[in-house]
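The values are calculated or read from the model by the stated rules, or taken from the named source; none is laboratory data. Predicted model only: the values in this text are computed from it and were never measured. A quick note on method: Cβ atoms are made from the backbone with ideal geometry, for glycine too, and the neighbour counts reach across all protein chains shown.
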Amino acid sequence: MKRFRVLLIISALLLVLIISFISTFEILSVNQAIEEFNGKFSSDAEKAEFSFVSTSDSSIIAKQVEYAYINAQFEASKSDSISLTLNFLDSTANLMIKGVVVHSAKIENYQLSRFVDAVDQVALYRMLSLPLQVTGHTSTIAKVPLMVKIAPKDTSEYTPDVVPDTTDIDAVNYIFETSSGIQLYFYESNPRESADGLKQFKFDFMDRVQSGYELFKATSTFKKPEYHPEIRIKLKKRDAKMIYRALPENASIVLKIR
Amino acid sequence: MEQVTDNNAKVEVEKKRPVLRFFIGLSITLTSILLIVVFVLYALSGIKESYLGMNKNSAADTASLNQKQIAKLDNLIKKNSQKFYNLTPSQPYFIVNTTYNRFKLYKNKKQIREGFCSTGSYTLLKSHDKRQWIFKTPKGLYKIIGKVTNPVWRRPDWSFVEEGLPIPSQNDPIRWEAGVLGDYALSIGDGYLIHGTIYKRFLGMPVTHGCIRMNDEDLEAVYKTLDFGSKVYIF
């Protein structure tokens with residue numbers, strides 16, 4: 001019995017030690033990410049018409065956010081490709097081509113990382129005044145739903161196409177990694193209404209496992225793990241699918257936060 | 001006799017003890033590992049967020065704006081908003097959604113019509129002579145560069161390959177087919193057309209070779225509303 005107690009105490013101590021060790025490394029990585037972010041957006045863009053200031057005046061904050069948002073949209077409109085704007089103030093997600101809104105969707109729910117409150121506010125406005133570039137993506141659906149068809153050798157082999165299956169059977173969840181380090185998670189809202197709830201849980205779980213693996217890999221070699229602030233967005237399945245399929249590989253994304 | 005039985009039972013318990021210990025040790029180890037995994041997967045993100053919440057960067061008035069600077073900011077917002085608003089054409093334009101095969105027609109910046117259409121099927125057709133075609137509708141901004149009534153379709157090579165037919169010469173009259181594109185066709189370049197269809201039951205589905213098919217009434221409205229140079233937004 002005594003040995004059992006000792007074993008229990010040692011296990012508990014080890015557990016606390018490991019958890020503290022991991023937490024410390026994670027917090028160090030968060031600090032590093034804040035420093036890197038502040039450093040990356042420490043100076044105004046070339047030919048900036050206006051220099052952002054740090055202020056507690058809510059009306060000036062609102063104006064600066066609005067200015068940054070319009071600026072970023074304008075920059076995104078210079079590109080020929082389709083871009084996405086995420087306005088968290090009025091909960092809208094717009095697909096745009098050359099500044100024209102081609103589709104507008106309601107953001108059903110969202111979760112912003114507190115990272116945006118922890119970084120230098122001027123650096124944040126500077127980041128928001130330029131579109132983010134998508135650098136990578138993971139998804140439960142194909143970006144290009146290509147079907148391969150081998151041509152018939154002659155007319156005897158030819159069969160006319162059947163009506164395509166257009167039912168939305170696949171769960172729609174995806175992650176965009178962006179140039180600023182922010183990761184945007186898109187989930188379909190109300191997945192439990194269909195059979196997509198389990199698929200969403202699996203998608204989210206696999207992402208957490210991947211992050212956990214990266215964390216173990218880094219901490220086991222006494223390196224700081226990479227920290228990526230997250231924004232989690234819930235959209236209707238149709239809207240989520242439309243947005244994912246419409247955006248090109250290196251799409252521009254504009255954010256309006258605060 | 002009773003004492004002998006007691007001793008036997010004690011021996012039995014003594015024998016089982018190492019097995020019991022092993023299982024207790026194993027369950028403690030497994031529980032610890034499970035706790036660490038659950039912590040890393042689910043609790044750690046909460047800890048990071050709590051830490052960020054504690055480190056909230058309260059905005060300091062490093063350089064408060066004077067009235068002149070505020071007026072400048074207001075003017076910039078107004079000027080850029082106007083510039084941005086002007087990007088939306090006041091001339092009629094057309095939007096096509098290739099994911100759900102819908103269209104919207106705009107005039108004076110207001111939607112005047114919407115409905116079903118058919119766009120590219122995303123089929124990759126492979127021929128036996130190693131040629132291949134992808135049947136998709138291109139995305140982005142296009143302009144109307146041609147308008148015709150009673151269009152006649154000139155069948156491209158893939159149309160014959162797809163049906164297992166021999167490919168005729170470029171000038172062979174067999175390539176020309178009337179009546180399959182509806183009453184009107186509008187060209188957006190690179191051989192892509194907005195046209196009618198005899199396969200109306202497929203409207204709202206991705207079945208075309210890249211063109212945009214519409215029903216007769218919608219096509220007529222689009223043809224009469226859009227002019228040369230009108231913008232077509234495809235996403």
Open item on the list: Checking the conditions here, which among A:TYR110, A:TYR69 is aromatic (Phe, Trp, Tyr), in contact with a strand residue (DSSP E or B) (Cβ under 6 Å, 6 or more places away or on another chain) and not in a helix (DSSP H, G or I)?
Closed with: A:TYR110
- [ ] State all residues of the stretch A:1-48 that are within 23 Å of A:TYR125 (Cα to Cα) and either at the interface with chain B (Cβ under 7 Å from one of its Cβ atoms) or surrounded by fewer than 11 Cβ atoms within 10 Å (Cβ to Cβ) (or both); if no residue qualifies, say none.
- [x] A:VAL30, A:GLU46, A:LYS47
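Restricting attention to the stretch B:169-180, does a residue exist that is buried (at least 17 other Cβ atoms within 10 Å of the Cβ), assigned to a helix (DSSP H, G or I) and either within 11 Å of another protein chain (Cβ to nearest Cβ) or not polar (S, T, N, Q) (or both)?
Yes - at least one qualifying residue is present in the stretch B:169-180.
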Open item on the list: On the basis of being surrounded by 15 or more Cβ atoms within 10 Å (Cβ to Cβ), at pLDDT 95 or above and among the basic types (Lys, Arg), does B:LYS110 make the cut?
Closed with: no
TODO: Within the stretch A:126-175, count every residue that is within 21 Å of A:HIS228 (Cα to Cα) and among the aliphatic types (A, V, I, L, M).
DONE: 6
Task: Selection within the stretch B:75-96 - more than 7 Å from chain A (Cβ to nearest Cβ), in contact with a Lys or Arg (Cβ under 9 Å, 6 or more places away or on another chain) and not hydroxyl-bearing (Ser, Thr, Tyr) - done: B:PRO89, B:GLN91, B:PRO92, B:PHE94, B:VAL96
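Can you say whether B:ILE174 is touching an Asp or Glu at 6+ places or on another chain (Cβ under 8 Å), more than 25 Å from B:PHE103 (Cβ to Cβ) and among the β-branched types (Val, Ile, Thr), as far as the supplied structure shows? Full working, then the answer.
Values: touching an Asp or Glu at 6+ places or on another chain (Cβ under 8 Å): no; more than 25 Å from B:PHE103 (Cβ to Cβ): yes; among the β-branched types (Val, Ile, Thr): yes.
When the stated conditions are applied, B:ILE174 does not pass them.
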Task: Every residue from the stretch A:93-118 that is of a type in the set (Val, Ile, Thr) and either surrounded by fewer than 23 Cβ atoms within 10 Å (Cβ to Cβ) or touching a Cys at 6+ places or on another chain (Cβ under 9 Å) (or both) - done: A:VAL100, A:VAL101, A:VAL102, A:ILE107, A:VAL116
- [ ] For the stretch B:217-235, state whether one or more residues are surrounded by fewer than 16 Cβ atoms within 10 Å (Cβ to Cβ), more than 25 Å from B:LYS109 (Cβ to Cβ) and modelled with pLDDT of 95 or more.
- [x] no
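Quick test for you: out of B:VAL161, B:VAL148, B:VAL232, B:VAL207, pick the one residue that is over 27 Å from the mean Cα position of the chain (by Cα) and in a strand (DSSP E or B).
From the options B:VAL161, B:VAL148, B:VAL232, B:VAL207, the qualifying one is B:VAL148.
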Open item on the list: Any residue that is outside any helix (DSSP H, G or I), at pLDDT below 95 and among the polar types (S, T, N, Q) - is there at least one of those in the stretch A:32-44?
Closed with: yes
- [ ] Please enumerate the residues belonging to the stretch A:85-124 that are without any contact (Cβ under 8 Å) to a residue 60 or more places away in the chain and within 28 Å of B:SER50 (Cα to Cα).
- [x] A:ASP90, A:SER91, A:THR92, A:ARG114, A:ASP117
Task: Failed condition for A:VAL148, given (1) more than 7 Å from every other protein chain (Cβ to nearest Cβ); (2) assigned to a strand (DSSP E or B) - done: (1)
Task: Criterion (of a type in the set (Val, Ile, Thr), under 30 Å from B:PHE135 (Cβ atoms) and in a strand (DSSP E or B)) met by exactly one of A:THR138, A:THR167, A:THR159 - done: A:THR138
